[in-house]
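Reviewing the structure listed below.
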Amino acid sequence: MVPPLITTLICALFFLLSSFVLAQESPYIVTYNHYLEEPGSLEVEYFSTFGTQRAGKDFHAFWMEFEYGATAWWTTEFYVDGQTTFNDSTIFTGFRFENRLRLLQREHTVNPIFYIEYEQISAADKILKEVEGHDVESDYAESNAVLRCERDHELEFKLLLSSTFKGWNVAVNPITTKNLSPSEPWEFAYAIGASRPLALKALPNRCNFCLENFVAGVEMYGGLGDTQSAGLHDTSHYLAPVAAWNLPSDWTLRLSSGFGLNGNSHRLLLRWGVSREFSGFGEVVRRLFGGRP
Amino acid sequence: MTSLRDSFSIGVLFAIGVWSVAFVGARSAAQNDDALHKKNSSTYLALKDAPQKAREKRNPFQGDLEAAAAGGKLFDQHGARCHGKKAGGTRYGASLLNEEVQRATPGTLFWVLTNGVVRRGMPVWSKLSEPERWQVVTFLQSLGPQSPKTGTPGPVR
């Protein structure tokens, strides 16, 4: 039972945050481009991944993201992950804290962003936000009771390289991850994406179904081995058509169906997500701390 | 024991998150009018950073009322929070009715929109497509008291 005071406060917060802006979000679920959150804006996102599992039970993994634009060159994010393995259980699997920093002030042909993430997750985490090193489908075949016993503390680094030309965005993310346990090797991975809005010119009227609101593309991601055993053997890879629908009411819907490209991959990762951007969140915080309107 | 440690870690990270938001919010609160003036001035200075080649770019939608209206819609969605509903400026973004902005060539405005003024808080807007950025430029240039480009007085909405 939620106390009425808390309900009222939550409603008041949403009311205060009622001056929204349209999010112009990319359709990628795994790949990052170089666009950061607008300063002072908070984006709240929910994502689901339904995955098939050979020699095990299918699952539904989910995560919440809170993404805040601290400045025009720094975005910080907090994730909370969980999953349901069908005919097994539903568990909380960990959290992630990430930061993205814009390295160059202006727009260039290729724009680099430095990404650093700390994650504390269990081996039962199945959101597959990154597929790294020698991650393969059989890693997830055990029951939740077994998988959740292994807990990982990892640091993940990415260089987000992204370019936009003639409406097309192309993004390439080399990834390296270090499990903070000293015996664990550095793992490598990649994510590549390309996308384009369905229309490049905006219509003068406000509309939900204008082509300019839809972005479609494709992304590919997978592991590249680790420092002890680099290469493509025992790695999994996915190809995923992606689409996003940016609504004028500040909601964004994303859909992606990832297909495993080899025998080590899940056959299908069906993902969808919904997000809403709250512009002026920083201003609300400032007012809470006594700033002038 | 593990769950206790996890809970503690989550608590610490949540506290860091709250602190970060509070820090940014509080820092904004510390801005006074002088700082705002300085910020606006530096934004206008960014207009001078545009390279000659960029300044000379022609607006493909020059004088196009429909493009100005579409640009107005995009401005409402993306720019009004910082620059104000009527583009007159707020504590977060400079006035776009100012002479410096209104006198700038379309190419200069397009360049600033594309590259942002990142250190001063204006993000890059290249995530809007090139035609959309030109539509915003067309809208901004229609805001002048008597726009020679469109021949219409005041904002086109």
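The values are calculated or read from the model by the stated rules, or taken from the named source; none is laboratory data. Since the structure is predicted, the reported quantities are computational estimates derived from the model, not experimental observations. FYI the Cβ positions are ideal-geometry reconstructions off the backbone, even for glycines, and counts take in every protein chain you see.
Does any residue of the range A:249-261 turn out to be under 19 Å from A:Ser26 (Cβ atoms), surrounded by 16 or more Cβ atoms within 10 Å (Cβ to Cβ) and at pLDDT below 90?
yes
Looking only at the range A:35-68, how many residues end up being modelled with pLDDT of 95 or more, within 15 Å of A:Phe281 (Cα to Cα) and among the small types (Gly, Ala, Ser)?
0
Among A:Ala124, A:Ala199, A:Ala171, A:Ala141, which is the only one that is under 24 Å from A:Asp234 (Cα atoms) and either crowded, with 18+ Cβ neighbours inside 10 Å or within 11 Å of chain B (Cβ to nearest Cβ) (or both)?
A:Ala124
Of the residues that make up the range A:84-103, is at least one crowded, with 21+ Cβ neighbours inside 10 Å and of a type in the set (Asp, Glu)?
No, the conditions are met nowhere in the range A:84-103.
Within the range A:123-136, how many residues are closer than 15 Å to A:Gln83 by Cβ and more than 20 Å from the chain's Cα centre (by Cα)?
Counting residues in the range A:123-136 that are closer than 15 Å to A:Gln83 by Cβ and more than 20 Å from the chain's Cα centre (by Cα) gives 0.
Out of (1) surrounded by fewer than 20 Cβ atoms within 10 Å (Cβ to Cβ); (2) part of a strand (DSSP E or B), what's the single condition that is false for A:Ala244?
For A:Ala244, the failing item is (1).
Which numbered condition trips up A:Leu147, out of (1) away from every other protein chain (no Cβ under 12 Å); (2) surrounded by fewer than 19 Cβ atoms within 10 Å (Cβ to Cβ)?
(2)
Given the structure, is B:Leu4 away from every other protein chain (no Cβ under 12 Å) and modelled with pLDDT under 55?
yes
If we scan the range A:226-248, do we find a residue that is of a type outside the set (Lys, Arg), touching a Gly at 6+ places or on another chain (Cβ under 6 Å), without any contact (Cβ under 8 Å) to a residue 60 or more places away in the chain and within 14 Å of chain B (Cβ to nearest Cβ)?
no
Given the conditions (1) part of a loop (DSSP other than H, G, I, E, B); (2) more than 20 Å from A:Trp73 (Cβ to Cβ), which single one is not true for B:Phe139?
(1)
If you go through the range A:180-195, how many residues are surrounded by fewer than 18 Cβ atoms within 10 Å (Cβ to Cβ), of a type outside the set (A, V, I, L, M) and free of Cβ contacts under 8 Å to residues at least 40 places away in the same chain?
Qualifying residue count, the range A:180-195: 4.
Yes/no per residue for (1) assigned by TED's automatic domain parsing to the domain that holds B:Asp49; (2) crowded, with 21+ Cβ neighbours inside 10 Å; (3) of a type in the set (Val, Ile, Thr):
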| position | (1), (2), (3) |
| --- | --- |
| B:Thr90 | yes, no, yes |
| B:Gly93 | yes, yes, no |
| B:Glu99 | yes, no, no |
| B:Ala104 | yes, yes, no |
| B:Gly107 | yes, no, no |
| B:Trp111 | yes, yes, no |
| B:Arg119 | yes, no, no |
| B:Val124 | yes, yes, yes |
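Looking at (1) under 21 Å from the mean Cα position of the chain (by Cα); (2) buried (at least 21 other Cβ atoms within 10 Å of the Cβ), find the lone condition where A:Gly282 falls short.
Failing condition for A:Gly282: (1).
If you go through the range A:35-56 one residue at a time, how many are at the interface with another protein chain (Cβ under 9 Å from one of its Cβ atoms) and either outside any loop (DSSP other than H, G, I, E, B) or aromatic (Phe, Trp, Tyr) (or both)?
Total satisfying the criteria: 2.
Of the numbered conditions (1) modelled with pLDDT of 95 or more; (2) assigned to a strand (DSSP E or B); (3) over 16 Å from the mean Cα position of the chain (by Cα), A:Ile116 fails exactly one; give the number of that condition.
So the condition that A:Ile116 fails would be (3).
Only one of these is farther than 21 Å from A:Ser162 by Cα and aliphatic (A, V, I, L, M): A:Leu224, A:Leu198, A:Leu239, A:Leu247. Name it.
Residue meeting the stated conditions: A:Leu247.
Within the range B:55-77, is even one residue within 13 Å of chain A (Cβ to nearest Cβ), free of Cβ contacts under 8 Å to residues at least 12 places away in the same chain, among the basic types (Lys, Arg) and under 19 Å from A:Ser279 (Cβ atoms)?
yes
Just to be sure I understand the filter: pairs with C-beta atoms under 7 Å, separated by 6 or more residues or on different chains, first member in the range A:84-103 and free of Cβ contacts under 8 Å to residues at least 40 places away in the same chain and closer than 16 Å to A:Ser143 by Cβ, second member of a type in the set (Lys, Arg) and assigned to a loop (DSSP other than H, G, I, E, B). Which pairs pass?
Correct list of pairs: A:Phe86/A:Lys57; A:Asn87/A:Lys57.
Which one of these does A:Thr90 not meet: (1) hydroxyl-bearing (Ser, Thr, Tyr); (2) farther than 13 Å from A:Glu65 by Cβ; (3) within 11 Å of another protein chain (Cβ to nearest Cβ)?
The failed condition is (3).
Which condition number in (1) out of contact with any helix residue (DSSP H, G or I) (no Cβ under 8 Å at 6 or more places or on another chain); (2) at pLDDT 95 or above is the one that A:Lys126 fails?
(1)
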